[in-house]
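Worksheet for the structure shown next.
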Amino acid sequence: MTAAAKALTADVVVCGGGVAGTMAAVAAARQGASVLLVERYGFLGGNATAGAVAQFNSWQTTAGRRVVAGLADEVVERLQAYGGARPHETFMMSTGHQMDRIEYSPELLKLVLDDMVAEAGVQPLLHANLLDVDAEGRRIAALRVLTKGGVLTLRPQVLVDASGDIDALHRAGARFLELDDGEALQPATMVFRFGPIDFARFDALSADELAALSRRGHEQGELARAALHLSRDPYSNDGWFNISRLGIDATDPLALGAAEIEGRRQAWRAARFLQQAVPGCSDGRLRAFATQVGVRETRRVEGDHVLTAEELLRPEPFTDAIAAGAYPIDIHPAAGGGLHYVPLGDDHAYRIPYRSLIPTAFDNALAVGRGISATHQALAAIRVMTISMAVGQAAGTAAAMAAKHEGAVRSVDVNALRDALSSRGALLA
Ligand SMILES: Cc1cc2nc3c(=O)[nH]c(=O)nc-3n(C[C@H](O)[C@H](O)[C@H](O)COP(=O)(O)OP(=O)(O)OC[C@H]3O[C@@H](n4cnc5c(N)ncnc54)[C@H](O)[C@@H]3O)c2cc1C
């Protein structure tokens, strides 16, 4: 691409380079498609890097059966090769439930995603902000993005909207799902880095001691969330703390900016509490804020199928399942310090149908990641990064197949898609 180029074509344009979008781009390119990956920041990863979430949760059921692999596994292997991931482990959550995770370095994840995109032959378009989208009837015809070189027009056969907020489909005029009465968007969180921590002392705290400290911090107004939840940095004695809480609609520009400011204030108060009150943290300092507040939930597109919590809990054996998951329903309320948590049974896994990726309004588009067609309750389970990566891999594979048929995503042979995913190590049940 030259700076003078004003229009680019590709089989697949992925809008948004979070973990879902990056996996979609890599999967599509490995299927032989030409792929442009549009990202507003100068690096990939979204919540996983810019939001410094720093742990991939729920690779397996509580009984230990693996439900996510494929490209997500490759991400972890590459992180480990850089020294940027801790071993897989199970741990006890503040709710008293068991969970598994892999903690990683958000900085080194940027390198891993760069490598995967480069090796797959994806054309990354960083520092590119979506401006608007042209739809011609039920077809996405073009996206315009604002770059350092001016406005570029991108013409895809297939659009994969991986922007988290599903900005591209929103601008194209897609339909979106509403919250039900009594529901609210999950809050955003400003994750912050704090250290050094004496982990020998911190990890020696019992669950009851941690809960009592968290409650005290919350009652004193120092912790917005009654938890001391952190991801340990793999190569230092620092931790990334996920304990602020910002009840906003992150698609509202004024609210988003205000949340960044309030998030930093909450992080500062929480860091002060850690230093003053939490064993193992007295030498620690606030070292860094995440690049931006992490956003759990905004828009959910209306798709050919709306995935529900009941379907996850049964679980529904979808014949068009393209990914699986075992993360429980985990709702952070917009206000208050608690958590609404619905654990799953011991060996319980659920499936995600291809139809939940297909927006009802368009023929050549897919949605991935935290904006797919699911109820608020179902999204509270399937939003995590392991599942987002698995869904991303599926969407990219499907997009490459659809690109051979003028982008018609409903013409994809679902059995062939499932076979292609299985042959590349993805788990579908
Ligand atoms: C505080 C917090 C804690 C969490 N904890 C965990 C956890 O412990 N474990 C876990 O597995 N998951 C966790 N999650 C969930 C998980 O991080 C997200 O659901 C997941 O990362 C979503 O990935 P995504 O790719 O769909 O979206 P995002 O990560 O939001 O990525 C969207 C990408 O699109 C880009 N973009 C957005 N709009 C535009 C635009 N207009 N133009 C160009 N680019 C654009 C963004 O910069 C970003 O790179 C947490 C989330 C949050 C916020």
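Quick one: if the Förster radius is 60 Å, what FRET efficiency do residue 283 and residue 347 give, using the C-beta to C-beta distance and rounding to 0.05?
Rounded to the nearest 0.05, the efficiency is 0.90.
Which residues among the stretch 314-336 fall inside the zone where the amide N is under 17 Å from a point 7 Å beyond the Cα of residue 66, along Cα→Cβ?
Those under the cut-off are 323-327.
On a straight-distance basis, which lysines could pair with residue 6 in a cross-link, Cα separation under 17 angstrom, same-chain partners fewer than 8 positions away excluded?
By straight Cα distance, residue 6 reaches 148.
Between residue 9 and residue 429, what is the label-to-label distance in nm when each label sits 7 Å out along the Cα-to-Cβ direction?
Placing both labels 7 Å along Cα→Cβ, they lie 4.2 nm apart.
In debye, nearest 20: dipole of the chain around its Cα centre with unit charges on the Cβ of K, R (+) and D, E (-)?
I would put it at about 720 debye.
Report the local net charge at residue 220: Lys and Arg +1, Asp and Glu -1, summed over other residues whose C-beta lies under 11 Å from its C-beta. Each step should come with its number before you reach the end.
Values: positive: 215, 216, 269, 272; negative: 219, 222.
Local net charge: +2.
Quick check: net charge around residue 265, other residues with Cβ under 14 Å of its Cβ, Lys/Arg +1 and Asp/Glu -1? Walk me through the intermediate numbers first.
On the way: positive: 245, 264, 269, 272; negative: 222, 260, 262.
Net local charge, residue 265 excluded: +1.
So the label point goes 7 Å from the Cα of residue 92 along Cα→C-beta, right? Which residues of the stretch 204-230 then have their backbone N under 13 Å from it?
204-212
I need the phi-derived Karplus couplings for the stretch 305-322: 6.51 cos²θ - 1.76 cosθ + 1.60, θ = phi - 60°, integer Hz, Gly and Pro marked x.
10, 9, 6, 10, 4, 4, 5, 5, 6, 4, x, 6, x, 4, 6, 9, 4, 10
Report, in degrees rounded to the nearest 10, the 0 to 90 angle that the Cα long axis of helix 253-277 makes with the longest principal axis of the chain.
Roughly 30 degrees, rounded to the nearest 10.
Spelling out what I want: for every residue of the stretch 92-97, take phi, set θ = phi - 60°, compute 6.51 cos²θ - 1.76 cosθ + 1.60 (Karplus), and round to whole Hz; glycine and proline get x.
9, 7, 4, 7, x, 9
Residue 125's amide H: which non-local residues (gap 5+, or another chain) put their own amide H closer than 5 Å, with H modeled 1.01 Å from N in plane and none for Pro or chain starts?
Here 37, 38, 39 satisfy the definition.
Springs between alpha-carbon pairs under 10 angstrom, Gaussian network model over the chain: which of 132, 115, 330 fluctuates most?
115
Going highest first, how would you order 365-377, 206-218 by mean Cβ packing within 10 Å? Numbers along the way, then the final one.
On the way: 365-377: 27.2, 206-218: 15.6.
With the highest mean Cβ count within 10 Å placed first, the list reads 365-377, 206-218.
Could you give the angle, 0 to 90 degrees to the nearest 10, between helix 19-30's Cα long axis and the longest principal axis of the Cα atoms of the chain?
40
As I understand it, the value is the acute angle between the Cα axis of helix 207-219 and the longest principal axis of the Cα atoms of the chain; what does it come to in degrees, rounded to 10?
90
Near the amide H of residue 9, under 5 Å away, which other amide H atoms are found, from residues 5 or more places off or on another chain, if H is placed in the peptide plane?
155
Figure the gain on full extension for residue 118 and residue 207 (residue separation times 0.36 nm, minus the Cα-Cα span) and round it to one decimal in nm.
27.7 nm
Once phi is turned into ³J(HN,Hα) by the Karplus curve 6.51 cos²θ - 1.76 cosθ + 1.60 with θ = phi - 60°, what whole-Hz value does each residue of the stretch 71-78 show in order, with x for glycine and proline?
After applying 6.51 cos²θ - 1.76 cosθ + 1.60, I find 4, 4, 4, 5, 4, 5, 4, 5 Hz.
Each value in this text was obtained by applying a stated rule to the coordinates, not by laboratory testing. Computed from a predicted structure; not experimentally measured. Please note: Cβ atoms are built from the backbone with ideal geometry, for glycine as well, and neighbour counts cover all protein chains shown.
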